[in-house]
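Visitor: Right, I'll just put the structure down here and ask away after.
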Protein chains: 6
Amino acid sequence: MRVFDSNWMQIADRLERDDRIVLPVGSTEQHGYLSLGTDALLAERVSVEAAEPLGVPVLPVLPFGMAPYFARYPGSMTLRIGTYVAVLRDLLDCLAGQGFRRIAVINGHGGNAPVAGLIREWISEPRPERVQVLFHSWYNAPKTAEAASRFDEDQYHGSWLENFPWTRVAGVEIPEGSAPVLPRSQANNLTADEMRERSTDGSLGGAYRRSDEDMRVVWDAGVAEVRELLEEGWL
Amino acid sequence: MRVFDSNWMQIADRLERDDRIVLPVGSTEQHGYLSLGTDALLAERVSVEAAEPLGVPVLPVLPFGMAPYFARYPGSMTLRIGTYVAVLRDLLDCLAGQGFRRIAVINGHGGNAPVAGLIREWISEPRPERVQVLFHSWYNAPKTAEAASRFDEDQYHGSWLENFPWTRVAGVEIPEGSAPVLPRSQANNLTADEMRERSTDGSLGGAYRRSDEDMRVVWDAGVAEVRELLEEGWL
Amino acid sequence: MRVFDSNWMQIADRLERDDRIVLPVGSTEQHGYLSLGTDALLAERVSVEAAEPLGVPVLPVLPFGMAPYFARYPGSMTLRIGTYVAVLRDLLDCLAGQGFRRIAVINGHGGNAPVAGLIREWISEPRPERVQVLFHSWYNAPKTAEAASRFDEDQYHGSWLENFPWTRVAGVEIPEGSAPVLPRSQANNLTADEMRERSTDGSLGGAYRRSDEDMRVVWDAGVAEVRELLEEGWL
Amino acid sequence: MRVFDSNWMQIADRLERDDRIVLPVGSTEQHGYLSLGTDALLAERVSVEAAEPLGVPVLPVLPFGMAPYFARYPGSMTLRIGTYVAVLRDLLDCLAGQGFRRIAVINGHGGNAPVAGLIREWISEPRPERVQVLFHSWYNAPKTAEAASRFDEDQYHGSWLENFPWTRVAGVEIPEGSAPVLPRSQANNLTADEMRERSTDGSLGGAYRRSDEDMRVVWDAGVAEVRELLEEGWL
Amino acid sequence: MRVFDSNWMQIADRLERDDRIVLPVGSTEQHGYLSLGTDALLAERVSVEAAEPLGVPVLPVLPFGMAPYFARYPGSMTLRIGTYVAVLRDLLDCLAGQGFRRIAVINGHGGNAPVAGLIREWISEPRPERVQVLFHSWYNAPKTAEAASRFDEDQYHGSWLENFPWTRVAGVEIPEGSAPVLPRSQANNLTADEMRERSTDGSLGGAYRRSDEDMRVVWDAGVAEVRELLEEGWL
Amino acid sequence: MRVFDSNWMQIADRLERDDRIVLPVGSTEQHGYLSLGTDALLAERVSVEAAEPLGVPVLPVLPFGMAPYFARYPGSMTLRIGTYVAVLRDLLDCLAGQGFRRIAVINGHGGNAPVAGLIREWISEPRPERVQVLFHSWYNAPKTAEAASRFDEDQYHGSWLENFPWTRVAGVEIPEGSAPVLPRSQANNLTADEMRERSTDGSLGGAYRRSDEDMRVVWDAGVAEVRELLEEGWL
């Protein structure tokens, strides 16, 4: 139940019976040959598919996240950490004010992980009614990661693991073979300029693609794990 | 050319030849019988249609804006003004850092207008290269407003003027007739709770709908006016 | 009743019978041949004259506003938008904490308009007692604008419409004739340096002066409109 | 040379020959029987009289400062410390950007003293040209304090030392005698509510008034000390 | 080389030859029977021991971190995320301004991990000279974690893994046996009040203690891993 | 009773009987030949010695303060004022939330004085229970200053008055004689670069050292004055 496919009366009706809602958060950033929207598209889609049979509403994805290291690849966007935590705080305050009591933030981008600190802070604060917030990075949650690792242990930014039929760009051919791996210890300490120089196509390493059958297995695991969270992840 | 339908290399190629980009900004908020995403959907769609023949890239719409007065209608979201201006600042900084020199912010929500203050501030600041930023509220720009006023001078939130085939919600019947008008002087001074009490269905007044033919006239005017801006609105 | 011509006991007495107060907000910025204080002087004066017969207290004008585009004209001052909304928030919090329940912010400067976004946010927030806040830009409110337009439709920064006996500078002769008009679409996209180059005397266009009789008509309309607001503008 | 009695061209002319400017900062807060504007009026007046023969421009006083302890006396206003330092930073940035290189902040309110921390921070930052900033609390600068102490060592908020012909309120009789002293150690730890209870008329102690002759001695010392600062207080 | 055991001339001398420095960051929070300073004491000590033979200076530990979930255990302190990232930004700016080019932030508290987001942002920003910053959570770095796991896979807050001779409190007997495990999925969603109710002694699970010999093995691994980082962890 | 030498249960026990706590705040900054930690070490030590016989808990010293003027002496650290007041606010909020009702902030660094503004603001705010906060700069409190002045009126940064056995650096010989005095009026207006040039060893003037007997007199006065504050300084 996408919020954008609903009017407020429908959301209000639903809220009287069920106090859950999903907020997908992504990023607009280079993903090599794949769409600049990869992290946002996946976070929103996995949320929608997972929530569908439960009737839980899904907000539009927050398309901008924290990706300062990719700032030199045109089309990539990044919010400063102070800005990003303010956005999340405002959105959580809205939802709590309307009566939502179980909020799942479904994250599609590793760089957004620090917002978990804001969520812990927000949960801990006294408020009139108890509100739970889950922060779930769908792509490396245990069961999804396990499914992916059955195919290939190398799982890097811009590689096969993000290459779904729905993150490819029309008319763009994805190379065969693999990109050289940029060790994480290095990647974490590069400036935005160095990052662009080191990774000429934007991939951080590993195979560029796998079969659609393999990708379907990973995807189904991701959807199932989010659905399980929405059903059983609450206190 | 949607940024989400592109990879970074395509945006980089484009940028070498043309330094324009579009950032649509909307809102997720009650629109009476219409979609909670009305302002975001329209801002993004009018941007994409206007930019299409020009090849100018269009970023994903920022779906959350400033709508504190609607905060009690479930599914409506609002960012605080301090947060919102920080988001815009960060996005403008990103784009300027990548070499975009002509940025059009296409706005679909009246409550976002104060961000024009941030844009004036941002433009005025010294930076190594000259960057222009246009802030254009498409729905009440002169030519679009003129086109709408040919049909009906009453143009309120959640009424016919926002009722396009692409903002209606599947399965929801729009009432005939008109909603009573909530005078703007009153609307501007209501708390979020009072707003919800005063406007029981969320419409702030006027006819709920007009024919698709009429709406097409308004829409075409909106698209044309944005396109003209993208082509000729720069210094 | 100027707050600066009163002590706190007088304000406290008044507050027991009447919960209204006026906060004028202006700007310190170039106005061509006119006083750098034009916007502040007018906002305060129109407030004082309007409130006088009603006995409503008038705070001292906030003399600094948002005018980044004039930052290169010596003597012009500007606050960043984040700062400005913080100032207004603090002042509204003070007044609400003391028991004022109807606050009129009388604005004398177009660049301050974005603060209306903060006011909407502030009004919408839950608080123990209902507080109304009006934001009124006196110089282009309907009746005042109508009075001015009877004389001349060209109404630009630093031109005749701001040229009152009380905004002229002793010993400065105002030129006859008119300044060339800097189109608003251009003005909105200039850097502070470009603005200074384009407008050599600071006027943005139109006649420099009209007769004192004409100006009196405009002024009286402005005072009457603010007074009407203070009397009847509340819910 | 009041900035409000000048246009920008006059300030620009002056700036070419002399890079000094004065920013008076005050407070709008209860002063017992005296004007709510006492601290602002005095800071501005002492600045104007001191700067007059030097031709140094004097900005309009910033009328709002930090006075949280007086927040329960109607008509008193207070800015949060985060807001106040932001205002000062913005104003200093403006002046530096226009070419002023010697800025004197003349303070009339004890509660504003923490802004000296911001000024030290601002001075220390690297900037293209050297800018000096003096922070001078005129009422307790050495020579002025010495002049006052010749009359009475008891110098408290709202007492004789602030009682000048130009801070009295028309029609208000000042009591004879003295207010009981609220020890500073206590005063510093009271909530706003307690402060209002403890000091029923707002004076914090000592004689309410002295002769106009005595006050003239104090005032002349204050003006002379500010003038000396403007002439010789720079590096 | 503790900075607090040095004067500035010694640090300046050192800096001419070696541009590395260590900033330990900890937390002041309940650790069950152990010292409230556990995370700070360990972060500082592991830094000092690791840096000793290298002569790299070690700043005093930042004793306060982010621990909102423990806010109801007296003596626990927490900074909001906006505050914490501001502190780190200021400290990094200082060090970069003095010429340090390789900065190791050695972290002793899981709740501080989000600050890695600020560090990525800071690294990515353009600055005149290249500055590297490592963020290393010593207690779960690969080799240290491997050493600990040889003894017991259960590694929870306030349990044996934090129980070193130098984190015990004089006169406090540590219980034998184990605390019941509070599953992480639950712990992440508790309010501060619930946390205090659920964990009556503050331990989140597992054995309370192991032999000093075992702890020495873990400690030596931690020190060695930090030292290796300081020697070889740079680009 | 150092908080770091306690576990939370001990602090909780204590809190049931006594609602006092001490927060020492210092600075990490050049002190000429003395330790970079001088202000932090002294603030913490004077707090611990004063609180000892009373059993009042003493938090770890906040080692970083505001010292922008010393930013060019390696090893000196400074927080921006906005950051510093945020830290203090967060810490006070924590303590108040746990039930502490009398908090003594014992300060060891002149540059931190502006935080008194935040404390006044914090005290003035309404909160469910009354919380007192004292801000005490131990080194220039009346009795301590009087004790020091018996020996020498010249009391400058980095001179004899900060030269205790516990602030000296092992192996560093302190010069005999005196440093030239940098007048405060100058010191207050220097940039960080100028400060480093003007004060080549970091001392701002006066004798470098006195006998241990003299220093003991000063120290004992300082400890006694803090203890008296903790016992009798409350309302």
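Laboratory data are not the source of any read-out in this text; all were calculated from the coordinates shown. Predicted model, so just to flag it, every value in this text is computed and none were measured. Ideal geometry is used to build each Cβ from the backbone, glycine not excepted, and the neighbour counts take in all protein chains shown.
Visitor: List the relative contact order of chain F as a percent without decimals, with contacts defined as Cα pairs under 8 Å and 6+ residues apart. The partial results should precede the final answer.
Guide: Numbers: 405 pairs, mean separation 56.8, N = 235.
Computed value for chain F: 24 percent relative contact order.
Visitor: By how many degrees, 0 to 90 and rounded to 10, does the Cα axis of helix C:8-17 deviate from the longest principal axis of chain C?
Guide: With rounding to tens, the tilt is 70 degrees.
Visitor: Give the percent of DSSP beta bridges with both residues in the protein assembly as shown that are antiparallel, rounded to the nearest 5. Each step should come with its number before you reach the end.
Guide: Details: 18 of 108 bridges.
Rounded to the nearest five, the antiparallel share is 15 percent.
Visitor: I'd like the GluC sites (Glu not before Pro) in the range E:73-149 restricted to DSSP loop residues with at most 10 other Cβ atoms within 10 Å, sorted by number.
Guide: Values: sites: E:GLU121, E:GLU129, E:GLU146; in loops: E:GLU129.
Passing both the DSSP loop test and the Cβ count: E:GLU129.
Visitor: So what J values fall out for the range E:183-194 if you push phi through Karplus, 6.51 cos²θ - 1.76 cosθ + 1.60 with θ = phi - 60°, rounded to Hz, Gly and Pro as x?
Guide: Here the 3J(HN,Hα) series is x, 4, 4, 6, 4, 5, 10, 8, 6, 4, 5, 4 Hz.
Visitor: Here is a further query. Could you please point out the chain E residue with its Cβ nearest to the axis of the rotation taking chain E onto chain B, and the distance in whole angstrom?
Guide: It is E:GLY82, 7, counting Cβ atoms only.
Visitor: Separate question: Just to be sure I understand: with springs between alpha-carbon atoms less than 10 Å apart, which residue in A:SER211, A:SER76, A:SER199 has the highest mean-square fluctuation in the Gaussian network model of chain A?
Guide: Of A:SER211, A:SER76, A:SER199, the Gaussian network model singles out A:SER211 as fluctuating most.
Visitor: Kindly provide the pair-distance distribution of the protein assembly as shown built from C-alpha pairs, with 10 Å bins from 0 and whole-percent values in order of increasing distance.
Guide: Reading upward from the zero bin: 1, 8, 15, 21, 21, 17, 11, 5, 1, 0.
Visitor: As I understand it, the dipole of the range C:3-232 uses +1 on the Cβ of Lys and Arg and -1 on the Cβ of Asp and Glu, about the Cα centre. Which of C:SER159, C:ASN140, C:ASN189 lies farthest toward its positive end?
Guide: C:ASN189
Visitor: Pop a pseudo-label 7 angstrom from the Cα along the beta-carbon direction at both A:ASP212 and A:GLU153 and give the gap in nm to one decimal.
Guide: The two pseudo-label positions are separated by 3.1 nm.
Visitor: From the C-alpha coordinates alone, can you work out the Kirkwood hydrodynamic radius of the range B:1-101, in Å?
Guide: 14.7
Visitor: Note down the magnitude of the dipole of the range D:59-217 about its Cα centre, charges +1 on Lys and Arg C-beta and -1 on Asp and Glu C-beta and zero elsewhere, to the nearest 20 debye.
Guide: Values: 17 positive and 19 negative charges, 115 e Å.
I would put it at about 560 debye.
Visitor: Moving on. Between the label point of E:ASP13 and that of the same position in each other copy, find the distances and list them shortest first in nm, with every label point placed 7 Å from Cα along the Cα-to-C-beta direction.
Guide: Copy-to-copy label distances at E:ASP13, shortest first: 4.8, 6.1, 6.1, 7.4, 8.0 nm.
Visitor: I need the inter-copy label distances for B:ARG198: point set 7 Å along Cα to C-beta, values in nm with one decimal, smallest first.
Guide: Listed shortest first, these distances are 3.8, 4.4, 4.4, 5.6, 5.9 nm.
Visitor: Continuing with the same structure: Any idea what the B:GLY177 label distances to the other copies are, label 7 Å down the Cα→Cβ vector, nm, shortest first?
Guide: 6.3, 7.1, 7.2, 7.3, 9.9
Visitor: Moving on to the next point. So if I place +1 on the C-beta of Lys and Arg and -1 on the C-beta of Asp and Glu, and nothing else carries charge, what would the dipole magnitude of the range B:1-114 be about its Cα centre? I want it in debye, nearest 20. It would help to have the intermediate numbers written out before the result.
Guide: Numbers: 10 positive and 12 negative charges, 53 e Å.
With only Lys, Arg, Asp and Glu charged at Cβ, the dipole is about 260 debye.
Visitor: Report the FRET efficiency, 1/(1 + (r/R0)^6), for D:GLN186 and B:GLN186, where r is their Cβ-Cβ distance and R0 is 56 Å, rounded to 0.05. Mind showing how you got there, number by number?
Guide: Numbers: r = 48 Å, r/R0 = 0.85.
Working from the Cβ atoms, E equals 0.70.
Visitor: If you build a Gaussian network model of chain D, linking Cα atoms that sit under 10 Å apart, which residue out of D:ALA192, D:ALA147, D:ALA71 swings the most?
Guide: Result for chain D, Cα springs under 10 Å: D:ALA192 fluctuates most.
Visitor: Rounded to whole Å and ordered largest first, report the semi-axes of the equivalent ellipsoid of the range A:45-129 derived from its Cα gyration tensor (root of 5λ). Intermediate values should be presented prior to the final figure.
Guide: On the way: eigenvalues 120, 69, 19 Å².
Calculated on Cα positions only, the semi-axes equal 24, 19, 10 Å.
Visitor: Follow-up question, since we're still on this one. Springs between alpha-carbon atoms under 10 Å, Gaussian network over chain C: tell me which of C:ASN163, C:ASN112, C:ASN188 tops the mean-square fluctuations.
Guide: Comparing C:ASN163, C:ASN112, C:ASN188 in the GNM, the peak value goes to C:ASN188.
Visitor: What is the angle, in °, between the Cα long axis of helix B:115-124 and the longest principal axis of the Cα atoms in chain B? Nearest 10 is fine, range 0 to 90.
Guide: Here the helix axis deviates by roughly 20 degrees.
Visitor: For F:LYS143, which lysines qualify as cross-link partners when the Cα separation must be under 26 Å and same-chain residues fewer than eight apart are set aside?
Guide: Of all the lysines, those that pass the test against F:LYS143 - Cα under 26 Å, at least 8 places apart if same chain - are D:LYS143.
Visitor: On to the next question. Would you work out which of E:ASN7, E:ILE174, E:SER47 lies farthest towards the positive end of the dipole of the range E:3-232, given +1 charges on the beta-carbon of Lys and Arg and -1 on that of Asp and Glu, about the Cα centre?
Guide: Looking along the dipole axis, the top candidate is E:ASN7.
Visitor: Counting other beta carbons within 10 Å of each residue's own, what order do A:TRP122, D:TRP8 fall into, fewest first?
Guide: A:TRP122, D:TRP8
Visitor: Put +1 on the Cβ of every Lys and Arg and -1 on every Asp and Glu Cβ in the range B:3-232; which of B:GLY111, B:VAL58, B:VAL85 then has its Cα farthest towards the positive end of the dipole?
Guide: Looking along the dipole axis, the top candidate is B:VAL85.
Visitor: Could I ask something else about it? With both bridge residues required to lie in the range C:3-232, what share of the DSSP beta bridges run antiparallel, to the nearest 5%?
Guide: Working: 3 of 17 bridges.
Given both bridge residues lie in the range C:3-232, the antiparallel proportion sits at roughly 20 percent.
Visitor: Want the number for E:ASP18 to E:ALA170: 0.36 nm per residue separation, take away the alpha-carbon distance, what's left? The partial results should precede the final answer.
Guide: On the way: separation 152, 0.36 × 152 = 54.72 nm, distance 3.92 nm.
Length gained between E:ASP18 and E:ALA170: 50.8 nm.
Visitor: Please report, largest first and rounded to whole Å, the three semi-axes of the ellipsoid equivalent to chain B, where each semi-axis is the square root of five times an eigenvalue of the C-alpha gyration tensor.
Guide: Details: eigenvalues 197, 83, 47 Å².
One finds semi-axes of 31, 20, 15 Å for chain B.
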